[in-house]
Amino acid sequence: MCGDIMPWTDFFKYFNNEALGEPIANLGNGWYHAHQYSLETIFHSRILRHPCRVYDENEAMLFYNVSDDVKYTSALDLMKWLEYREPWVQNSGIDHVFVIGKFSCTRFLELEQMKNPVKLMIERQPWEVIDIGIPHPTFFHPHSDDDIVAWQQKIIGTTRKRLVSFAGAARPDQPHCIRSILLNQSTSTISDNCQFLGCKSGGCDQPESVTKLSLESEFCLQPPGDSPARKSVFDKLISGCIPVFFYPFTAYDQYPWQLPEDHGKDSEFIDQEEVRQMKVNAVERLSSISAREREDMRRYVVYEVLPELVYGDSSSRFEDAISITMNTCSR
């Protein structure tokens, strides 16, 4: 079925290693070619092996339905199937969890029956309070605390050659787009201080290129693109690059379970309207932040935030994004 969706793309390779993808040997232990929309399959693999999984529905606190009966059915057929299940009837789906790995305008989320269940998404809508944003999968899926510690030590010991970088697709036909303005501000400064990685050529799909850019940069610009949230936020955070946000819904109003309430601890914020109106130059603003402040933010990102953003494999025992999500859902 995967080959029928996009015949020119080999999706099967992304389902190896419990949906983490093929290992990336030259990046070290725990690095895989995970697809950015693989959250559902990663979650599925972990839930099947979760230490708190029960096989008697009367003992369950949460329900994450896995059944061959409805694996390939439509959304309406799935709801019909659920409505005949006793656990759903008892609480009208309040204790059911759905994982949605790619945001799309689907009628499934608009069904009346979907108002009660918890929906875990890589990007939530601001008006849906019961929806919870959880991190995009990155390329880093450590197996153990040792893998995390080794990577943390590498990040802290890396020399940051550039002040600012941006990975994304430019908008040359939209001169008033915040991306275009930020690129102009970046290229008008000393070239060694800023770097741009274009995504249209596929550069953002290359783990080595993305990671190298992140490790070399103090700050990583995160303007909204086709939607507010960005996988790039997490690619940069796990490499110790301090994200710079221009719109609150890119991260601050998205991921309450993994990112700190005090947003200034792990990121910088510059209002996008101030950028559009040329009231602030983002590069100049970031240049004014002292080395000590940057180091404090980076250490907070690396030691406090990073472990809670990654998805470990099924045998991992540290508190990762999935264990934090499931523990919070159970409260």
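A protection proxy built from the mean count of other Cβ atoms within 10 Å ranks the segments 254-267, 218-231, most packed first, as 218-231, 254-267. Normalising the Debye intensity of the chain to I(0), with uniform scatterers on Cα atoms only, and taking log10 at q = 0.08, 0.09, 0.16 Å⁻¹ returns -0.40, -0.50, -1.45.
Pairs of Lys residues in the chain are counted when their Cα atoms are under 17 angstrom apart and they lie 8 or more places apart or on different chains; the count is 12.
Can you tell me which of 268-280, 299-311 comes out highest on packing, and rank the rest after it, using the mean Cβ neighbours within 10 Å? If you can, show how the numbers build up before the last one.
On the way: 268-280: 14.9, 299-311: 20.3.
For the peptides 268-280, 299-311, the packing ranking is 299-311, 268-280.
Projecting the Cα atoms of T41, V275, P228 onto the charge dipole of the chain, computed from C-beta unit charges around the Cα centre, puts V275 farthest toward the positive end. Farthest towards the positive end of the charge dipole of the chain, among the residues N16, L82, F249, is the Cα of F249, using unit charges on the Cβ of Lys, Arg, Asp and Glu. Phi angles across region 122-132 convert, under the Karplus curve 6.51 cos²θ - 1.76 cosθ + 1.60 with θ = phi - 60°, into 3J(HN,Hα) values of 6, 8, 9, 8, x, 8, 9, 5, 7, 7, 10 Hz, Gly and Pro given as x. Over all other residues within a Cβ to Cβ distance under 10 Å of F245, the charged ones net out to -1, with Lys and Arg as +1 and Asp and Glu as -1. Under a model in which nothing but the beta-carbon of Lys, Arg (+1) and Asp, Glu (-1) is charged, region 12-133 shows a dipole of about 380 debye around its Cα centre.
Read-outs: derived from the displayed coordinates by stated rules, not from any lab. What you are looking at is a predicted structure, and each value in this text was computed from that prediction instead of being measured. We place every Cβ from the backbone using ideal geometry, glycine too, and count neighbours over all the protein chains shown.
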